[in-house]
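For reference, the structure is listed below as structure tokens.
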There are 2 protein chains.
Amino acid sequence: MTVPASDEVIKVGPLQVLPDGHMAMAGSHTLMLSGRELHLLIELARRAGRIVERDELSRVAWGRDLRPGDRSVDVYVRKLRVKLEQAAPGWRFIHTHVGFGYRLAPERSHDPNRAFTSR
Amino acid sequence: MTVPASDEVIKVGPLQVLPDGHMAMAGSHTLMLSGRELHLLIELARRAGRIVERDELSRVAWGRDLRPGDRSVDVYVRKLRVKLEQAAPGWRFIHTHVGFGYRLAPERSHDPNRAFTSR
DNA sequence: AGCCGCTTTCACATTTTTTTCACCTGGCAA
DNA sequence: TTGCCAGGTGAAAAAAATGTGAAAGCGGCT
């Protein structure tokens, strides 16, 4: 092997999360994430495909309950989205489920989802 | 795990409601429902086949008694009907029982054997 | 002290959801 | 027929939730 710098590897489409390497990779690009960003991404990745409530994200990535009015989860979701977008243009990973939370899942940028119902 | 997993699964014909997954599916389509819509559908699904009074629907899905002149239940039943129709064409799920309430049950759209009429 | 990167908090913008209205329709009974 | 009642429907109004850019707060370092 070519010296993988970490043990655990979580794969979500073109995204790879390396908890122990303190980094994540999208395609061939390396994402430089801060501790909090990485932690959040890891927890989302471990629940990939499922809707994760803000509450849970706060508890698991911040180690505390989400206080009313606290927007930190949203702010960090944005930070991640920006970095993910830069590293993997054309992909969308973090989806919002209004009223519930966020869901990590690899999807192509535009919207081939005419199967869904909206307004 | 990669697939949306949840505990409880309520099946009503081609319709699947996943309360814990915060989602519902019709056939293979994922229904994009707002919080209230999902909640209403869940409660209807839990009482599938039975006529549920508006009163009860308001209490269980809105957490409050139905106020006189309040049409919110009707409005949401419509929202659900529209989304269900798009996701599962050819099926009718929410039936009106004039003077009594609504009933969730899977039926083919142009059903020739009208077993009974409301009221 | 002054600089830096990271985190938290704000204020405001935008989007989505929920509620409320006004009007329409069909059944039914006086 | 006419008037009423329950419900259907589309859309505006109101309320919430989320997106976003930036300022402020915090150590740790040089």
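The values are calculated or read from the model by the stated rules, or taken from the named source; none is laboratory data. Keep in mind that what you see is a predicted model, and the values were worked out from it rather than measured. Don't worry about glycine lacking a Cβ; one is built from the backbone with ideal geometry, like all the others, and counts go over all protein chains shown.
Kindly indicate whether B:THR117 is more than 12 Å from DNA strand D (Cβ to nearest atom), at pLDDT below 95 and not in a loop (DSSP other than H, G, I, E, B).
In short, no.
Of all residues in region B:73-101, exactly one satisfies the criterion of being more than 14 Å from B:LEU41 (Cα to Cα), away from every other protein chain (no Cβ under 14 Å) and more than 9 Å from DNA strand D (Cβ to nearest atom), namely B:GLY90.
Do we have A:ALA61 as more than 24 Å from B:MET32 (Cα to Cα) and modelled with pLDDT of 95 or more here?
Values: more than 24 Å from B:MET32 (Cα to Cα): yes; modelled with pLDDT of 95 or more: yes.
So A:ALA61 fits the description; yes.
You will find that of A:LEU33, A:LEU38, A:LEU66, the residue that is free of Cβ contacts under 8 Å to residues at least 24 places away in the same chain, in a loop (DSSP other than H, G, I, E, B), of a type outside the set (D, E, K, R) and buried (at least 16 other Cβ atoms within 10 Å of the Cβ) is A:LEU66 and no other. Residue count for region A:10-23, restricted to those that are in contact (Cβ under 8 Å) with a residue 24 or more places away in the chain and within 12 Å of A:ALA45 (Cβ to Cβ): 5.
Can we say B:ALA45 is closer than 22 Å to B:VAL9 by Cβ, away from chain A (no Cβ under 14 Å) and out of contact with any Ser or Thr (no Cβ under 8 Å at 6 or more places or on another chain)? Taking the combined requirement at face value, the residue satisfies it.
The criterion of being under 30 Å from B:ARG78 (Cα atoms), of a type in the set (Asp, Glu) and within 14 Å of chain B (Cβ to nearest Cβ) holds for A:GLU53. I'd like the full set of residues that are at pLDDT below 80 and within 19 Å of the chain's Cα centre (by Cα), limited to region A:7-24. Answer for region A:7-24, where residues must be at pLDDT below 80 and within 19 Å of the chain's Cα centre (by Cα): A:ASP20, A:GLY21.
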